[in-house]
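Engineer: Have a look at the structure that comes next, please.
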Number of protein chains: 2
Amino acid sequence: MSDSNSNSNIQLTSTISEDNKLTLALQNISIPQPGADEVVIRMEAAPLNPSDLAVLFSAGDMAKAIQSGPEQNPIITADVPAQAMPSLKTRVGKATPVGNEGAGTVVAAGSSAAAQALMGKMVAVIGGGTYRQYLCTNVQSCLELKAGTTAKEGASSFVNPLTALAMVETMRAEGHKAIVHAAAASSLGQMLNRICIADGVDLVNIVRKPEQETLLRDMGAKYVVNSSSETFIADLTAAIIETGATIAFDPIGGGQLTSDILNCMEEAAARDMKEHSVYGSDVFKQVYIYGALNRGPITLNRNFGFAWAVNGFLLFNALGKLGTETVITMRKRVADEITTTFASNYTHEVSLAEALQLKSIAAYSKQATGEKYLITPQK
Amino acid sequence: MSDSNSNSNIQLTSTISEDNKLTLALQNISIPQPGADEVVIRMEAAPLNPSDLAVLFSAGDMAKAIQSGPEQNPIITADVPAQAMPSLKTRVGKATPVGNEGAGTVVAAGSSAAAQALMGKMVAVIGGGTYRQYLCTNVQSCLELKAGTTAKEGASSFVNPLTALAMVETMRAEGHKAIVHAAAASSLGQMLNRICIADGVDLVNIVRKPEQETLLRDMGAKYVVNSSSETFIADLTAAIIETGATIAFDPIGGGQLTSDILNCMEEAAARDMKEHSVYGSDVFKQVYIYGALNRGPITLNRNFGFAWAVNGFLLFNALGKLGTETVITMRKRVADEITTTFASNYTHEVSLAEALQLKSIAAYSKQATGEKYLITPQK
């Protein structure tokens, strides 16, 4: 543990108690000794992704959250609605670490060759609660970054890059030839746009603001449609006809967008039908819902026949389906292109304590496209 | 054409004209000479299935339909809403034959051995517009029935029996171990219940009336839940916990039943989770929607994590996935068990002309469970 200046290891935790309270707080825990296949990473940068917010806030009513304690050690409390408690029973009473990914320097390594090989290296890491100062984890969860890569550059090496790559690989594996992507100006959307340009895959980007259209077009996107436009349905149908896209990825879920996408795909497919069928076209149309930016009901207005599927899409399940070899290739590409294809922009950097201040929470909980927070646990 | 007493071949057709009118009428067409691999079937019985009604009525406003012409040759006309016309353009001006299946005696056969082998036999047939007196079709579309089987017994040998068998085979092929079925007191539901009892597969039957509960329980069903009951969600969850069902088939579509099924499956799966996950359980939950008894929006209230899929389910696509060998085995079983496992009950028998009378249309268009119409084209 040579490189750690003290025994301090602050971690950020989220706890739900039996009396329907959510508490977010910093804890000082010990720095574990790594096992044979483990390393200890001094965490230097970790992003706040939507999936992290789900763990952090859970069902807490954050609009009425209260901050207490000193500025450098804030405690946030919020009420959890009683009806949400039954589904959270396996969380109750546990101080749950938060943070799905991040990057830092390996400061201690177990006895195995794989662990020793990472000693002193800058690595990205997936899982385990990365909003802490020192994280002990298995080498399998680490991705060695190229020499010279900073922790900030490498902090988002897993969730968005692998999800974007998994979308393209899923498209290929399931026999589609072009992709529709919703909320396409997000960090992930920008990565997907760069991958598709590099790989020659047609991508139909759905955004909802003119400035997002401009952003993506300036990045070379050929197909960008605006769901706020009055001509949205016609624009989307035209782009689907041009590209032949029959698979879509949607992080929103709630509302009618998934339905609109399926209906536009069917409209495009029906143009080629010579005979009418009450069952619709036999072109198979697939939408994967990979997030819950809108937690309201998903409404499907079925004018898209019977050849369709709407699935939940979760990175780990998708990687499992794609298989180890594909995943190894994907991880290597991320490490090679982390400052280009897979570059992330952060608009705010906060310490662990700053991340727990109400003004920060109010800002990053909006999950606004173009705003992204990075936690720097060593500050 | 030895067995045909005249050259008359009445068929029932549905036509949409450019001026937004739907016309249902009888036409007298010639009896074709069969090609080498074809046979001519004297159609004696053909059921009115929901899928036939979709072809027959299309988007016509049947509540305001008008009957004209003589009693023995009625003509039905109905308005088609203007907004429905674009999606029907490939139907406009074509007299579309109706009827997806039926049974009758082969009265002429082409030169091939397969065709000759069917001469004089009672066969069931799929496709081609079975609401007619003489149907010329490929031998591949025929299923030879056992000696002694009547046309009425064999009339529904394809749509319901193969769909019910395809559900069980899909369950097996996709690694599930028990089935949830909605609108389970239907003809198809009763067949599925008999198959599952015979094959030892647990089946959770969802019905909406007490008499349907009784009907299925009297047929040996172990799990029957009533969606009109106040305890429906708890009852369904309990049955899913007992059976381990993770696949469902729903002919309704519109409304919240698909969502309810997924949420109950997730509730059942979550009972076994030791650690809370914001992504829900990793138990994969599948609902296939195989009909449109409710054409309204499908509403998914997502409390069922990310491991789920909702798909359209169409018999022909499902058979394609299952493969030829499985389908051959399925067809043989239908022929062998057509008077037992795959028996259908008809509450009304109508001639082609009677099928086109408004009082019949008003009755069979309700698609009421327990009411089923059979057309007898020779009467």
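The values are calculated or read from the model by the stated rules, or taken from the named source; none is laboratory data. As the structure is a prediction and not an experimental result, all values here were calculated from the model. In this analysis, Cβ positions are derived from the backbone assuming ideal geometry, glycine residues included, and neighbour counts consider all displayed protein chains. The protein model used for the area step is the full one, side chains on, heavy atoms only, and it has no ligands, DNA or RNA in it. Shrake-Rupley method; radii C 1.70, N 1.55, O 1.52, S 1.80 Å.
Engineer: Taking the Cα centre of segment A:160-320 as origin, work out the dipole magnitude from +1 charges on Lys and Arg Cβ and -1 charges on Asp and Glu Cβ, in debye rounded to 20.
Structural biologist: Working: 12 positive and 17 negative charges, 56 e Å.
So the dipole magnitude of segment A:160-320 works out to roughly 260 debye.
Engineer: As a test of understanding, state the convex hull volume per residue of chain A from its alpha carbons, in Å³.
Structural biologist: For chain A, the hull spanned by Cα atoms encloses 148 Å³ per residue.
Engineer: What does the convex hull of the Cα atoms of segment B:55-187 come to per residue, in Å³, rounded to a whole number? Mind showing how you got there, number by number?
Structural biologist: Working: hull volume 29.2 nm³, N = 133.
For segment B:55-187, the hull spanned by Cα atoms encloses 220 Å³ per residue.
Engineer: Taking springs between alpha-carbon atoms closer than 10 angstrom, which of B:189, B:254, B:93 fluctuates most in the Gaussian network model of chain B?
Structural biologist: Checking each option, the largest mean-square fluctuation is seen for B:93.
Engineer: Which aspartates and glutamates have a Cα lying under 14 Å from the Cα of residue A:372, excluding residues fewer than 8 positions away in the same chain?
Structural biologist: A:52, A:153, A:349
Engineer: Would you kindly work out, in nm and rounded to one decimal, the distances from the label point of residue A:275 to those of the same position in each other copy, ordered shortest first, with label points 7 Å along Cα-to-Cβ?
Structural biologist: 5.4
Engineer: With a probe of 1.4 Å, find how much accessible area the protein assembly as shown has per residue, and write the answer as a whole number in Å².
Structural biologist: Per residue, the protein assembly as shown has an accessible area of 42 Å².
Engineer: To continue, here is another question. Considering Cα pairs under 8 angstrom that are at least six residues apart, work out the relative contact order of segment A:171-281 and quote it in whole percent.
Structural biologist: Relative contact order comes out at 28 percent.
Engineer: Still on this structure: Mind putting a number on the dipole of chain A about its Cα centre? Charges go on the C-beta only, +1 for Lys and Arg and -1 for Asp and Glu, and I need it in Debye to the nearest 20.
Structural biologist: Charge dipole of chain A: 480 debye, to the nearest 20.
Engineer: Give me the net charge for the shell around residue A:87: Cβ to Cβ below 10 angstrom, other residues only, Lys and Arg +1, Asp and Glu -1.
Structural biologist: Working: positive: A:89, A:91; negative: B:266, B:267.
Neighbour charge sum, excluding residue A:87 itself: 0.
Engineer: How would the protein assembly as shown be classified by its alpha-carbon gyration tensor: rounded, prolate or oblate, with rounded meaning a/c under 1.5 and the a/b versus b/c comparison settling the rest?
Structural biologist: Because a/c hits 1.5 or more and a/b exceeds b/c, the protein assembly as shown counts as prolate.
Engineer: Now a separate question. Output the residues of segment A:289-304 meeting this criterion: accessible area (heavy atoms, 1.4 Å probe) in the chain alone minus accessible area with all protein chains in place is 50 Å² or greater.
Structural biologist: In segment A:289-304, residues shielded by partner chains: A:298, A:300, A:302.
Engineer: Local charge sum around residue A:112 (other residues, Cβ-Cβ under 12 Å, Lys/Arg +1, Asp/Glu -1)?
Structural biologist: Computed value for this residue: -2.
Engineer: Still on this structure, I have one more. Cut-off 10 angstrom, C-alpha nodes, Gaussian network model of chain B. Which of B:279, B:346, B:223 fluctuates the most?
Structural biologist: B:279
Engineer: Using θ = phi - 60° and the Karplus form 6.51 cos²θ - 1.76 cosθ + 1.60, what ³J(HN,Hα) does each residue of segment A:160-172 get, whole Hz, x for Gly and Pro?
Structural biologist: 5, x, 5, 5, 4, 5, 5, 5, 5, 5, 5, 3, 5
Engineer: Which distances, shortest first and in nm, link residue B:332 to the matching position in the other copies, using label points set 7 Å out along Cα to C-beta?
Structural biologist: Spelled out, the distances from residue B:332's label point are 4.9 nm.
Engineer: Let me ask another. Within the accessible area of chain B, what % is carbon and sulfur when the probe is 1.4 Å and the other protein chains stay in place?
Structural biologist: Details: 7910 of 15760 Å².
Result for chain B: 50 percent of the exposed heavy-atom area is carbon or sulfur.
Engineer: Under 14 Å from the 7 Å Cα→Cβ point of residue B:150, by amide nitrogen: which residues of segment B:37-81?
Structural biologist: B:44-46, by backbone N distance to the label point.
Engineer: Run the simple label-point estimate for residue B:33 and residue A:82 please: 7 Å along Cα→C-beta, distance reported in nm.
Structural biologist: Reported label-point gap for residue B:33 and residue A:82 is 8.3 nm.
Engineer: Ok, one more. Taking the Cβ of residue B:308 as the centre, find all other residues whose Cβ is under 10 Å away and add up their charges (Lys, Arg: +1; Asp, Glu: -1).
Structural biologist: On the way: positive: B:285, B:302; negative: B:266.
Residues close to residue B:308 contribute a combined charge of +1.
Engineer: Using Cα-Cα distances under 8 Å and only pairs 6 or more residues apart, what relative contact order does chain A have, in percent?
Structural biologist: Relative contact order comes out at 17 percent.
Engineer: Right, next: For the pair residue A:345 and residue A:321, how long in nm is the line joining their label points, each one 7 Å along Cα→Cβ?
Structural biologist: Calculated label separation equals 3.2 nm.
Engineer: With solvent modelled as a 1.4 Å probe, how much accessible area in total do chains A and B shield from it at their shared surface, in Å² to the nearest 100? Numbers along the way, then the final one.
Structural biologist: Numbers: alone 17300 and 17310 Å², together 31510 Å².
The A and B chains share an interface burying roughly 3100 Å².
Engineer: Compute, for the protein assembly as shown, the length of the dipole vector about the Cα centre, with Cβ point charges of +1 (Lys, Arg) and -1 (Asp, Glu) only. Units Debye, rounded to 20.
Structural biologist: So the magnitude is around 20 debye.
Engineer: Shape of segment B:160-320 from its Cα gyration tensor (a ≥ b ≥ c, root eigenvalues): rounded if a/c is under 1.5, otherwise prolate when a/b > b/c, or oblate?
Structural biologist: rounded
Engineer: Helix-derived [θ] at 222 nm for the protein assembly as shown: sum -39500 (n - 2.57) over DSSP H runs of at least 4, divide by residue count, nearest 500?
Structural biologist: -8500 deg cm²/dmol
Engineer: Given H placed 1.01 Å from N in the peptide plane, which residues other than close sequence neighbours of residue B:349 have an amide H under 5 Å from its amide H?
Structural biologist: Residues meeting the amide H criterion: B:374.
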